[in-house]
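Enquirer: I'd like to ask some things about the structure below.
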Amino acid sequence: MRRILSLTVFIAFLLAIPVQSIAGISVVSSRSNIFYGGGISASFGTVDYVELSPMIGMHLDSRTSVGTSILYRYRNDERNNRTVTTNDYGASLFARYRIIPSFYIEADYEYLDHEYYGAGSDTERRKYHSFLAGGGMSSPISSNAAMYMSVLYNFSYDENDSPYGDPWVVRFGISVGF
């Protein structure tokens, strides 16, 4: 289901790229070099999941921007005849370089304090440091706001010890001023 949703959003981004962006017309306000935004994700059922990831950044020039993001992730899992609630906390630093107005390359450093159900009856915590890189696209939704999607590869991924199911990380969100 997640793959279908991800593919649907990706196709929507491709179809929503306005002619103005292709022509090179900027959607960024000239009054500020600061941008902000982030992502929100939620699903409810046998496993409740909520993720918040606000971000703030700064344009270094017309193509290069840097920023930071914090992360909070809540899970309440009622499978297997028990209820397990976990909370993850994290932060990341990122740099983006616009290739053309709607497409960019991105590099991230991410710190994640991950809580998981251990071998006993209690949860345990583990800290992860990840280096990610990939690309993304943005599509304007107003004169100074855009939806964005980044597809990143986690170069620190270890299939035997990772908070993620695979090395590919897909992020969606909205930013103002990017």
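The values are calculated or read from the model by the stated rules, or taken from the named source; none is laboratory data. Predicted, not measured: the structure shown is a model, and the values here were computed from it. Cβ: placed from backbone, ideal geometry, glycine included. Neighbour counts: every protein chain shown.
Enquirer: Go through the range 102-113 and give me each residue that's surrounded by 17 or more Cβ atoms within 10 Å (Cβ to Cβ), at pLDDT 95 or above and not aromatic (Phe, Trp, Tyr).
Expert: If the condition is that a residue be surrounded by 17 or more Cβ atoms within 10 Å (Cβ to Cβ), at pLDDT 95 or above and not aromatic (Phe, Trp, Tyr), then 106, 108, 110, 112 are the ones that fit.
Enquirer: Hey, residue 81 hits all of (1) out of contact with any strand residue (DSSP E or B) (no Cβ under 8 Å at 6 or more places or on another chain); (2) on the phi < 0 side of the Ramachandran plot but one; which does it fall short on?
Expert: Looking at each condition in turn, residue 81 falls short on (2).
Enquirer: Is there a residue in the range 118-128 that is surrounded by 15 or more Cβ atoms within 10 Å (Cβ to Cβ), at pLDDT below 95 and charged (D, E, K, R)? Can you show your working first?
Expert: Keep residues of the range 118-128 that are surrounded by 15 or more Cβ atoms within 10 Å (Cβ to Cβ), which gives 128.
When the remaining residues are screened for being at pLDDT below 95, the result is none.
No, there is no match, as no residue in the range 118-128 is surrounded by 15 or more Cβ atoms within 10 Å (Cβ to Cβ), at pLDDT below 95 and charged (D, E, K, R).
Enquirer: Within the bounds of the range 33-51, is there any residue that is surrounded by 14 or more Cβ atoms within 10 Å (Cβ to Cβ), part of a strand (DSSP E or B) and among the polar types (S, T, N, Q)?
Expert: For the range 33-51, residues surrounded by 14 or more Cβ atoms within 10 Å (Cβ to Cβ), part of a strand (DSSP E or B) and among the polar types (S, T, N, Q): absent.
Enquirer: I would also like to ask the following. Considering each residue of the range 59-101, count those that are in contact with a Gly (Cβ under 9 Å, 6 or more places away or on another chain), surrounded by fewer than 17 Cβ atoms within 10 Å (Cβ to Cβ) and over 17 Å from residue 49 (Cβ atoms), and give that number.
Expert: Count: 6.
Enquirer: Could you check the range 72-178 for strands (runs of 3 or more DSSP E) lying wholly inside it with 2 or more residues that are β-branched (Val, Ile, Thr) and in contact (Cβ under 8 Å) with a residue 24 or more places away in the chain?
Expert: Values: elements: 84-100, 103-117, 123-140, 145-154, 168-176.
By residue number, 84-100, 168-176.
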